[in-house]
Every structure is written in structure tokens, then in C-alpha cells.
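Colleague: I'd like to ask you about the structure that follows.
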Amino acid sequence: MKKIYMILAAMALLTLSLNAQLKAKKKVVAQPTATTEKVDIKFDRYFPSGPVRAGEVTPPYTCGFSSDELDGWILIDANGDNTSWSVSSEQAVYQYNSSNAANDWLVSPGIRLQAGKTYKFYVDTKAESSYFAERLEVKMASAADATELSNGTTIIGSTVVDYTTYQTISNENVTVSADGIYYIGIHAISDADKYRLWIDNFVLDGEADPVHDLSIALSAPATAGAGSTVTLTATVTNTGNYDESGYTVNFTANGTTIATQTGGTLAQGASATFTTTYTTDANASSVNFGASVACTEVH
């Protein structure tokens, strides 16, 4: 019997990516050189001490610490040593206490968040001098209170900041268990007698944008008799971050569509299998098979 050899060509079509990231990079600030000498500076304290207007902020929310962006931010000097956060040149800064370790919160306005959604958090950090390594953590709670924040959700765990050029620390998987107003606190926890810890470009982005991404793999017998019927199997996998609700699978032979099938709901990470049959040409010596997948509904 004459043998026919088949070449598989699996294709993945229409990877629809909507992943826009909000990052507020608004300015470049001259960086200090590393030093072991400390110079005390009196910074302005622009942060208002009045009541927080809860619920008036919703993601996406950014703060570059200019004077017109500070409404609703509060300071908590948790150890009562009169050393706390200030602002300088549109940056937030914690200046050291020679006797006490830092225990000072810089707390955002109340931000209205929803359960079931995922938010992305970013903030830029640096130290005044690499010789004086600083430390911070970022927490979230339903009250702008030092105890509540300390016991709240950790967004960024204890982090050493020993670099003098701004670097971004982030958490792109921030969630809450219930709808409500939440406060994000940047907690200075440097050891005593360090130097200055700087913060800029606070960002809480909205729910992570959906990434529609379906991959496809095609299988079939390596050989078959000319004029025989073969079975093609296509496996579609959802490699995106969104549950797909509709897609089509297209089978081709030598570039011509031989079957189109429709898929239903496909959860993140899940796979679905599709099959079709094809009768080869009795006079052909080979055939190229292909399969592609395309989303039919974009959210």
C-alpha cells in the first residue's frame, strides 16, 4: 500500500493582551553619592492632620507627593519620638532618630476596594546612603490606625533599602475579602541612627487587565495509507489570566479549512480537546495539517 506522510503545523492565533500598567514616573531627581556623613535637614510637613475623607479615592490612584496630592494622607508617629515622615521636593522622606528605631506610618487616604478583584501596587524607594541601609514594609487595613495596620494584610514584607537610586517595589496581587474602605500604610522600620528613607510614585492600579491567551497543540498519526481516513486532535489551553467564554478551533489541510469547531467556557489554566477526521487524497504523497484557535468574545 502506498504510504502518505503528514506534516503537523500547530499554530496559536489571536493572543489578545490588554495588560496596560499604570506607573506614574513623573520626575527625575538628582541622586546623592554614598556617604558616611549625615547632615540633618528640617523638612516641611505638608501632610494634613485633619480627618480622612473616607471613600473618596478609587483605583487607579497615584500620588507623587506634590502639595496638591496630599489631601487625606496622614502620619502616625507610633513610637512618639517626634521623628516621622515629611515631604521634600515632591518626595516623602523619613529622617532618622539617633536613639530610637523607626516605627512611623505614612498612610494613604481611604481607598474603596472590591472583593473578587485584583489590584496592583507599586512604590519607588531609595536610601540616602548605601552605608546606612533602611527598612520598610507596606500593610493594608480597614482603619488608619497603627495597631490595625500592624495586624493587617501585608502588601510588601520587611524590605531592606540600601540603594541610592529609586527602585520600584511592587505587589501585583493585592486583594480584599470584603468590599470596603482600606488604608495602605508605608511603615518605616529602620534601625536607630540610620539616615533617610525616601518614597515616591505611590500607585494602586485598578483590577489587573485581562490577558486573553489560548495556546493550541495538534496531533495526528505520523503516516497513513493514501486514501485513508485519519483523526486529528487539537488541545486548547487557556494560558491567560481570564476565564474565556467562547473561542473557535480551525483545522486545515494544505492550508484549506476542513473543520471549524466552537468551544465554550474555558477557565484559567484549563484545557479542552477537539477532534476531526480527514480522508487523504489517494494520489497525494504528503499533506500539511494545521490548527488554530481564536477568541470569539472579548471582555
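Since every read-out is calculated from the coordinates, none of them should be taken as a lab result. Just so it is clear, the model here is predicted, and its values are computed rather than measured. Neighbour counts run over all protein chains shown; Cβ positions are idealised from the backbone, glycine included.
Colleague: Mind checking the dipole of segment 61-205: about its Cα centre, +1 per Lys or Arg Cβ, -1 per Asp or Glu Cβ, Debye to the nearest 20?
Modeller: Computed charge dipole of segment 61-205: roughly 320 debye.
Colleague: Regarding segment 214-295, what's the average projected area of the Cα-atom convex hull, expressed in nm²?
Modeller: The Cα convex hull of segment 214-295, projected and averaged over all directions, gives 5.0 nm².
Colleague: So for segment 135-281, what are the equivalent ellipsoid semi-axes in whole Å, largest first, each being the square root of 5 times an eigenvalue of the Cα gyration tensor?
Modeller: Its equivalent ellipsoid spans semi-axes of 55, 18, 11 Å.
Colleague: Using a simple spin-label model with points 7 Å from Cα along the Cα→Cβ vector, what separation in nm is obtained for Ala222 and Ala270?
Modeller: Here the modelled spin labels are 3.5 nm apart.
Colleague: Nearest 0.05, what FRET efficiency do Thr257 and Thr159 give at R0 = 51 Å with Cβ-Cβ as r?
Modeller: Approximately 0.40, to the nearest 0.05.
Colleague: Follow-up. Using Cα-Cα distances under 8 Å and only pairs 6 or more residues apart, what relative contact order does segment 61-205 have, in percent?
Modeller: Once divided by the residue count of segment 61-205, the mean separation gives 38 percent.
Colleague: Quick check: from the Cα gyration tensor, does segment 61-205 come out rounded (a/c under 1.5), prolate or oblate?
Modeller: Because a/c hits 1.5 or more and a/b exceeds b/c, segment 61-205 counts as prolate.
Colleague: Also: Hey, got the dipole for segment 163-299? About the Cα centre, +1 on K and R Cβ, -1 on D and E Cβ, debye to the nearest 20?
Modeller: The dipole magnitude comes to about 480 debye.
Colleague: Continuing with the same structure: Sorted by average packing, counted as other Cβ atoms within 10 angstrom per residue and highest first, what order do 229-239, 169-179 take?
Modeller: 229-239, 169-179
Colleague: Taking 8 Å as the Cα distance limit and 6 or more residues as the minimum spacing, I'd like the relative contact order of segment 210-299 as a percentage.
Modeller: 38
Colleague: Rounded to the nearest 0.05, what FRET efficiency is calculated for Gln114 and Asp68 with R0 set to 30 Å and r the Cβ-Cβ distance?
Modeller: It comes out at approximately 0.65.
Colleague: For Asn241 and Asp81, FRET efficiency with R0 = 25 Å and r from the beta-carbon atoms, rounded to 0.05?
Modeller: The formula returns an efficiency of 0.05 here.
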